[in-house]
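Peer 1: Input: one structure, supplied below.
A short reminder: the numbers here are calculations on the coordinates, not readings from a lab. Source: prediction; values computed, not measured. Because the Cβ atoms are built from the backbone with ideal geometry, glycine has one as well, and the counts that use them run over all protein chains shown.
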Amino acid sequence: MAAGQLLGGWLGSHLVLRHGSTLVRPVLVASSLLISAKLL
């Protein structure tokens, strides 16, 4: 699990540095909508 968390953190930070808010905003909106749908 620790290796997965390290890999995910590394991959996420590099994706944000490369693509900026054009990647972060849609992913954040999609994950928020999916969590809201799951709670409903």
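Peer 1: Test residue 30 against the stated conditions and say whether it is without any contact (Cβ under 8 Å) to a residue 24 or more places away in the chain, surrounded by 10 or more Cβ atoms within 10 Å (Cβ to Cβ) and part of a helix (DSSP H, G or I). Even if it seems obvious, please write down each step before you answer.
Peer 2: Working: without any contact (Cβ under 8 Å) to a residue 24 or more places away in the chain: yes; surrounded by 10 or more Cβ atoms within 10 Å (Cβ to Cβ): yes; part of a helix (DSSP H, G or I): yes.
Criteria met by residue 30.
Peer 1: For residue 21, which of the numbered conditions (1) out of contact with any helix residue (DSSP H, G or I) (no Cβ under 8 Å at 6 or more places or on another chain); (2) surrounded by 10 or more Cβ atoms within 10 Å (Cβ to Cβ); (3) not aromatic (Phe, Trp, Tyr) fails to hold?
Peer 2: Of (1) out of contact with any helix residue (DSSP H, G or I) (no Cβ under 8 Å at 6 or more places or on another chain); (2) surrounded by 10 or more Cβ atoms within 10 Å (Cβ to Cβ); (3) not aromatic (Phe, Trp, Tyr), only one is false for residue 21: (2).
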